[in-house]
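The values are calculated or read from the model by the stated rules, or taken from the named source; none is laboratory data. The structure displayed is predicted, hence computed values, not measured ones. When we count neighbours, we look across all protein chains shown, and the Cβ atoms used for this are built from the backbone with ideal geometry, even at glycine. Accessible surface areas use protein heavy atoms only, side chains included; no ligands, DNA or RNA. Shrake-Rupley method; radii C 1.70, N 1.55, O 1.52, S 1.80 Å.
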Amino acid sequence: TVGHHVMIGDRSGSMWGDIDGVKASLEQALAVESFQNGGVETTLISFSSQGDVTLHWKKVPADKVMALNEPYTKILRSIQATCMTGMSQGLNLALEQVDLKQTTGITLFTDGYANDPSSYQEIKNLDAFVKKASEAPALFLNCIGYRDWCDWPRLNSMSNALSGKTVKATSFKDVLGAMRDTQELLSGR
């Protein structure tokens with residue numbers, strides 16, 4: 001079956017210096033996905049403070065996202081950094097989009113320090129997310145971190161538990177490496 005790639009962008013205030021890079025990485029990854037396996041369904045989610053999470057589009061084929069005269073790249077480019085980091089809500093919304101009969105890759109783009117409503121609550125929420133996500137037989141999670149202060153142990157723990165990987169984004173080449181693995185899995189290669 002056609003795979004599903006859920007991309008989650010952190011648009012918290014601490015991402016203000018990286019948000020343009022995240023959007024460019026997402027757009028480039030979508031372009032590559034469109035070229036290599038245009039039928040892969042894509043979903044885009046962004047999050048900030050608790051209660052501020054947005055499902056921008058759901059299960060749109062990559063080639064349609066990148067087609068001229070479609071609104072998707074404009075939607076992606078309009079995302080702006082705002083407040084705190086309620087990471088678990090973005091991941092939980094992604095989990096709601098999962099079809100258990102379909103291979104699903106979730107890629108989280110973040111500076112990796114979840115703190116809203118509190119750091120303690122987010123740890124509990126992220127642990128609950130991993131537990132629930134591990135019940136999906138064909139789901140994996142990649143985490144792409146953009147800052148040295150990322151909570152690397154937490155990101156690694158989540159991606160390892162869900163058969164993915166964590167990558168530090170020092171260049172688009174790093175991001176593309178993680179995305180290439182995701183694309184190959186989703187296209188059945």
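Pull up region 139-170, narrow it to residues that are of a type in the set (Ser, Thr, Tyr) and farther than 22 Å from Val98 by Cβ, then point me to the one that is surrounded by the fewest Cβ atoms within 10 Å (Cβ to Cβ). Walk me through how you get there before you give the answer.
Going residue by residue through region 139-170, those that are of a type in the set (Ser, Thr, Tyr) are 146, 157, 159, 163, 166, 170.
The next check asks that each one be farther than 22 Å from Val98 by Cβ; those that pass are 146, 170.
On the way: Tyr146: 23, Thr170: 10.
Once the filter is applied, the top-ranked residue is Thr170.
The set of residues in region 27-70 that are closer than 20 Å to Ala114 by Cβ and surrounded by 22 or more Cβ atoms within 10 Å (Cβ to Cβ) comprises Leu44, Ile45, Ser46, Phe47, Ser48. Residue check: is Phe140 of a type in the set (Phe, Trp, Tyr) and in contact with a strand residue (DSSP E or B) (Cβ under 7 Å, 6 or more places away or on another chain)? Spelling it out, Phe140 is indeed of a type in the set (Phe, Trp, Tyr) and in contact with a strand residue (DSSP E or B) (Cβ under 7 Å, 6 or more places away or on another chain). All conditions in (1) of a type in the set (D, E, K, R); (2) open to solvent by 60 Å² or more (accessible area, probe 1.4 Å); (3) in a helix (DSSP H, G or I) hold for Glu122, with the sole exception of (2). Within region 57-79, is even one residue part of a helix (DSSP H, G or I), of a type in the set (A, V, I, L, M) and within 25 Å of Arg154 (Cα to Cα)? So far as region 57-79 goes, no, none of its residues is part of a helix (DSSP H, G or I), of a type in the set (A, V, I, L, M) and within 25 Å of Arg154 (Cα to Cα).
Within region 102-111, is even one residue under 26 Å from Ser25 (Cα atoms), in a helix (DSSP H, G or I) and either open to solvent by 20 Å² or more (accessible area, probe 1.4 Å) or among the basic types (Lys, Arg) (or both)? Checked against the condition, which is being under 26 Å from Ser25 (Cα atoms), in a helix (DSSP H, G or I) and either open to solvent by 20 Å² or more (accessible area, probe 1.4 Å) or among the basic types (Lys, Arg) (or both), region 102-111 yields no hits at all.
Just checking, does region 11-28 include any residue being in contact (Cβ under 8 Å) with a residue 60 or more places away in the chain and either aromatic (Phe, Trp, Tyr) or at positive phi (or both)?
The first filter runs over region 11-28 and keeps only residues in contact (Cβ under 8 Å) with a residue 60 or more places away in the chain, leaving 11-16, 18-19, 21-22, 24-26, 28.
Filter once more, keeping what is either aromatic (Phe, Trp, Tyr) or at positive phi (or both): 16.
Yes; the residues of region 11-28 include at least one that is in contact (Cβ under 8 Å) with a residue 60 or more places away in the chain and either aromatic (Phe, Trp, Tyr) or at positive phi (or both).
When region 97-149 is filtered for residues that are of a type outside the set (Val, Ile, Thr), under 24 Å from Lys59 (Cα atoms) and touching a residue at least 60 places away in the same chain (Cβ under 8 Å), the ones remaining, listed by number, are Gln97, Asp99, Lys101, Gln102, Gly105, Leu108, Phe109.
Gly21: modelled with pLDDT under 90 and either out of contact with any helix residue (DSSP H, G or I) (no Cβ under 7 Å at 6 or more places or on another chain) or among the hydroxyl-bearing types (Ser, Thr, Tyr) (or both), yes or no?
Yes, satisfied.
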